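Inspection log for the structure reproduced underneath, given as structure tokens.
The values are calculated or read from the model by the stated rules, or taken from the named source; none is laboratory data. This one's a predicted model, so the numbers in the text were calculated from it and none came from an experiment. In this analysis, Cβ positions are derived from the backbone assuming ideal geometry, glycine residues included, and neighbour counts consider all displayed protein chains.
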């Protein structure tokens, strides 16, 4: 009788095990996915990205990084995401007003740095893209950028057994779809959190500004730069016009080209000032090569003495995040 | 004493055996019982026409505006399909919310879905994609951006695409390209289409039956209606906004039900 009891127990355990293996789609190769928590800095607002729709995992982030650096996402193999979004320039294009794309073409806007994207609900300088997952489709299909088709990218990736294995592990199916490819890219981009600058250490009480930086921070607040470049993201994420005249060779109307509303003419998304020392040239079309040009532009609305300019620059340098730049 | 113990042990064993049987059996079963027994089938067959003839991509037609037009592409999204009950309320279909209809293939002009049984009068569907699906990340199935009906730089679906060639076009290659979409107010180009089913008044659809509705798409009405459109004045619409919205106002005139049949 005891034998029946033991057999029952064994069968019961077997049943439970079967249930686990047979019905779980996540672990096709038996390895567990290492889920990770989004590293939201203390005292920062809640991110807007819906992590429930795309749970972060160590493997997902690594897969996204591999895609971000993979030239096969472009038509001729020469233009991975990272060709325009370079880690050493805080994921902008270093020293370029416009970036290079397929067939010796240039982009028509300055590549923004990529960090703290989990707090953004619109993308591009005109906010035309409504979700981080949708963002990669624009450069992939733009004829002057990566010049590919979504189908072309999916075909190339699906022909690669290693990718299929990685996608199976992260998303439960080896077949690489538009949704899963873009979710993987999002996982990598979401983890580009810039919150380890000297400014952040000062805020955490782990470092102190020197006297010039301290004075520059005071000017930053007094001159109400914070209205648009609001802490801690150093952007209010809104669309504003800062008085830049239309560049007739580009005829870029900014936000108005998305909303069709005349009130949005020449409004562009406020860029973050984090890592500003690395993301020059500045403005949506990269028309200002350095901070002096920017101060000159603002001279009509926010006049600064040359001493104030120097002090403000000292403060802005404390927004550079070496950890972001080096943590590729 | 020993015997009674054995009996108890025996009873427990049977219980445990029963337990694991119950546990293992339903664990991996597909939900077979999901289909509502009171469900009927609905099949909609679209028949694109131009100038009174069945549409053949690559043939030249005369438009009511007097212009000549050779269509090469005609596709559109339809979704939120519902039948109106005789009493008044709308009953939604129960399968995929969206379908991509494509004139290039006979099979892609037919959509099959299911709906609870009932007594129905009108058909309603959306020509376009609801605004929520335009802003909530990358969709799959018919709405996968890989289908080429998505604006990547200004997130949103192209609800309807009509492309071709016309000597009246003012752009290079005599091209005509109407990509109509946009979910942002005030230019939301998704149009609710409500169609009466003539001659049938109301009809009874019973569980297990298939209701087949034939719908003509009279493409000349793309150019006529609340917004008269000529190729000469607007050969191209490539962005969401006022022009796309204006063209979409003509869409309710495209469709008419020509036949309804119910098969057992």
Exactly one of B:67, B:108 is touching a strand residue (DSSP E or B) at 6+ places or on another chain (Cβ under 9 Å) and more than 14 Å from every other protein chain (Cβ to nearest Cβ), and that one is B:108
For the stretch A:224-258, name all the residues that are under 23 Å from the mean Cα position of the chain (by Cα), closer than 28 Å to residue B:181 by Cβ and without any contact (Cβ under 8 Å) to a residue 12 or more places away in the chain.
none
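Results for (1) over 13 Å from the mean Cα position of the chain (by Cα); (2) surrounded by 15 or more Cβ atoms within 10 Å (Cβ to Cβ); (3) within 23 Å of residue B:57 (Cβ to Cβ); (4) not assigned by TED's automatic domain parsing to the domain that holds residue B:203, shown as yes or no for each residue.
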| position | (1), (2), (3), (4) |
| --- | --- |
| B:92 | no, no, no, no |
| B:100 | no, yes, yes, no |
| B:105 | yes, no, yes, no |
| B:109 | no, yes, yes, no |
| B:112 | no, yes, no, no |
| B:122 | yes, yes, no, no |
| B:127 | no, yes, yes, no |
| B:130 | no, yes, no, no |
| B:137 | yes, yes, no, no |
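The rows are residues; the columns are (1) in contact with a helix residue (DSSP H, G or I) (Cβ under 7 Å, 6 or more places away or on another chain); (2) within 12 Å of residue B:178 (Cα to Cα); (3) within 14 Å of chain A (Cβ to nearest Cβ).
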position	(1), (2), (3)
B:219	no, no, no
B:223	no, yes, no
B:241	no, no, yes
B:251	no, no, no
B:255	no, no, no
B:260	no, no, no
Considering the stretch A:77-122 alone, what residues qualify as being surrounded by fewer than 18 Cβ atoms within 10 Å (Cβ to Cβ) and in contact with a strand residue (DSSP E or B) (Cβ under 6 Å, 6 or more places away or on another chain)?
A:94
All but one of (1) within 12 Å of chain B (Cβ to nearest Cβ); (2) under 16 Å from the mean Cα position of the chain (by Cα) hold for residue A:112; state the number of the condition that does not hold.
(1)
Anything in the stretch B:153-181 that is out of contact with any helix residue (DSSP H, G or I) (no Cβ under 8 Å at 6 or more places or on another chain), more than 14 Å from chain A (Cβ to nearest Cβ) and closer than 21 Å to residue B:103 by Cα? List them, or say none.
B:161, B:163, B:164, B:175, B:176, B:177
Is at least one residue of the stretch A:66-76 loosely packed, with under 14 Cβ neighbours inside 10 Å, over 20 Å from the mean Cα position of the chain (by Cα) and modelled with pLDDT of 95 or more?
yes
Flag if residue A:226 is under 25 Å from residue A:126 (Cβ atoms), at pLDDT 95 or above and outside any loop (DSSP other than H, G, I, E, B)
yes
In contact with a strand residue (DSSP E or B) (Cβ under 9 Å, 6 or more places away or on another chain) and either surrounded by 15 or more Cβ atoms within 10 Å (Cβ to Cβ) or under 30 Å from residue A:185 (Cβ atoms) (or both), is that true of residue B:157?
yes
Filtering the stretch B:127-152 for residues that are more than 10 Å from every other protein chain (Cβ to nearest Cβ), in contact with a helix residue (DSSP H, G or I) (Cβ under 8 Å, 6 or more places away or on another chain) and at pLDDT below 95 leaves a count of 1
Being in contact (Cβ under 8 Å) with a residue 24 or more places away in the chain and more than 7 Å from chain B (Cβ to nearest Cβ) is the filter here; which residues of the stretch A:143-156 pass it?
A:143, A:144, A:145, A:146, A:147, A:148, A:152, A:153, A:156
Do the conditions hold for residue A:282, that is, is it in contact with a helix residue (DSSP H, G or I) (Cβ under 7 Å, 6 or more places away or on another chain) and at pLDDT 95 or above?
yes
Yes/no for residue B:237 being away from chain A (no Cβ under 14 Å), crowded, with 19+ Cβ neighbours inside 10 Å and either in contact with a helix residue (DSSP H, G or I) (Cβ under 7 Å, 6 or more places away or on another chain) or more than 30 Å from residue A:121 (Cβ to Cβ) (or both)
no
Give the number of residues within the stretch B:100-126 that are touching a helix residue (DSSP H, G or I) at 6+ places or on another chain (Cβ under 9 Å) and in a loop (DSSP other than H, G, I, E, B).
1
Surrounded by 15 or more Cβ atoms within 10 Å (Cβ to Cβ), farther than 16 Å from residue B:74 by Cα and either under 18 Å from the mean Cα position of the chain (by Cα) or not assigned by TED's automatic domain parsing to the domain that holds residue B:46 (or both) - does that describe any residue in the stretch B:222-231?
no
Yes or no: residue B:182 buried (at least 20 other Cβ atoms within 10 Å of the Cβ), on the phi > 0 side of the Ramachandran plot and in contact with a strand residue (DSSP E or B) (Cβ under 8 Å, 6 or more places away or on another chain)?
yes
